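S.K.: Would you mind keeping the following structure in view while I ask a few things?
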Amino acid sequence: MPAFPRDEMEEMVRRWVAANNQAGRTGDWSKMSAFFTEDAIYSWNTSNKWEFVARGRQQIHDWAFDSEMAGLEHWTYPYVRTLIDDQKGEFIGIWRQIAPVKDADGRPYEIAGTGGSWFRYAGAFQWCWQRDFFDHANAGVTFGAMMRADLLQPEMVERMKNGSKQPGWTRRSEFDWYSTIADVEVDVEVDVKVDVD
């Protein structure tokens, strides 16, 4: 990937994070798809058998920011760290997943673990690739607790029932996300000697 001006990538991240925060406040995630190129790929792992894959801006709009967000509209995903590699044209953002409702102790429900997104920048303030990662086991625990407390939105309950029938869910055997990385770094064997006293 080509190098990009540092200030341009910083502005891209600023715009993205601001739009993310606004979407959480308003519950309207649809505008997020404007940040992607027409041929972008957005994926994440959903289990040992399934991946979510959206190819192109329209699928990203219809699936990643619509059907996959059903029942999660007012959840917030505040970024806690942003890491930019302007030489590779990549950005990694680490975020939290916080529900708009509170538990019996008065704390907002939150999915434990680390959530994050890895992006590839295409220039012109658009991403051409995104890969998310988060703790699915903890997500299941949180959603289960919210469901038992009758605090999970009906759309999310329905989405959970649909499971792999959701749009964009693809068998792992049919999608190798590693192959979508444009410039895979090859493992290099390095002989490292460590002195331990």
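Computed from the coordinates by the stated procedures, all read-outs in this text should not be read as laboratory data. Note that the structure is predicted; figures quoted are calculated from it, not measured. All Cβ positions, glycine included, derive from the backbone under ideal geometry; neighbour counts span all protein chains shown.
S.K.: At 222 nm, what value in deg cm²/dmol follows for the chain if DSSP H runs of at least 4 each add -39500 (n - 2.57) and the sum is divided by all its residues, to the nearest 500?
M.R.: On the way: 3 runs with 43 residues, N = 197.
Result for the chain, helices only: -7000 deg cm²/dmol.
S.K.: Under a Cβ-Cβ cut-off of 12 Å, what is the net charge of the residues other than ASP7 that fall near it, where Lys and Arg count +1 and Asp and Glu count -1?
M.R.: Details: positive: ARG6, ARG14; negative: GLU8, GLU10, GLU11, ASP86.
Here the charged neighbours net out to -2.
S.K.: When the dipole is taken about the Cα centre of region 61-197, and only Lys, Arg (+1) and Asp, Glu (-1) are charged at their Cβ, what size is it in debye, to the nearest 20?
M.R.: 600 debye
S.K.: So which residue, out of ASN48, ASN138, ASN20, gets the largest mean-square fluctuation from a GNM of the chain using Cα contacts under 10 Å as springs?
M.R.: Looking only at ASN48, ASN138, ASN20, the largest GNM fluctuation is found for ASN48.
S.K.: Quick check on region 1-105: what does the Kirkwood estimate of hydrodynamic radius come out to from the alpha carbon pairs, in Å? Write out the running numbers ahead of the final one.
M.R.: Details: mean 1/r = 0.0658 Å⁻¹.
So the Kirkwood estimate lands at 15.2 Å.
S.K.: Identify, among ALA124, ILE60, GLN153, the residue whose Cα sits farthest towards the positive end of the charge dipole of the chain, taking +1 on the Cβ of Lys and Arg and -1 on the Cβ of Asp and Glu, with the dipole about the Cα centre.
M.R.: Of the candidates, GLN153 comes out farthest on the positive side.
S.K.: For the chain, calculate the relative contact order in percent as a whole number, restricting contacts to Cα pairs under 8 Å that are 6 or more residues apart. Show your work: numbers first, answer last.
M.R.: Numbers: 314 pairs, mean separation 45.5, N = 197.
Relative contact order comes out at 23 percent.
S.K.: Taking GluC sites (Glu not before Pro) as candidate sites, keep only those in a DSSP loop with at most 13 other Cβ atoms within 10 Å, then name the longest stretch of the chain containing none of them. Working shown, then result.
M.R.: Numbers: sites that count: GLU185, GLU189.
Here the longest run is 1-184.
S.K.: Hey, another quick one. Evaluated at 37 °C with a viscosity of 0.692 mPa s, what Stokes-Einstein diffusion coefficient in µm²/s does the chain have when Rh comes from the Kirkwood expression over alpha-carbon pairs? Show your work: numbers first, answer last.
M.R.: Numbers: Rh = 18.2 Å.
Answer, rounded: 181 µm²/s.
S.K.: When the chain is treated as a GNM, springs tying every alpha-carbon pair under 10 Å, which of ASP85, ASP105, ASP132 comes out with the largest mean-square fluctuation?
M.R.: ASP105
S.K.: Let me ask something else about it. Where the only charges are on Cβ atoms (+1 Lys, Arg; -1 Asp, Glu), what is the dipole of region 25-119 about its Cα centre, to the nearest 20 debye?
M.R.: Values: 10 positive and 14 negative charges, 41 e Å.
Taking the Cα centre of region 25-119 as origin, the dipole is about 200 debye.
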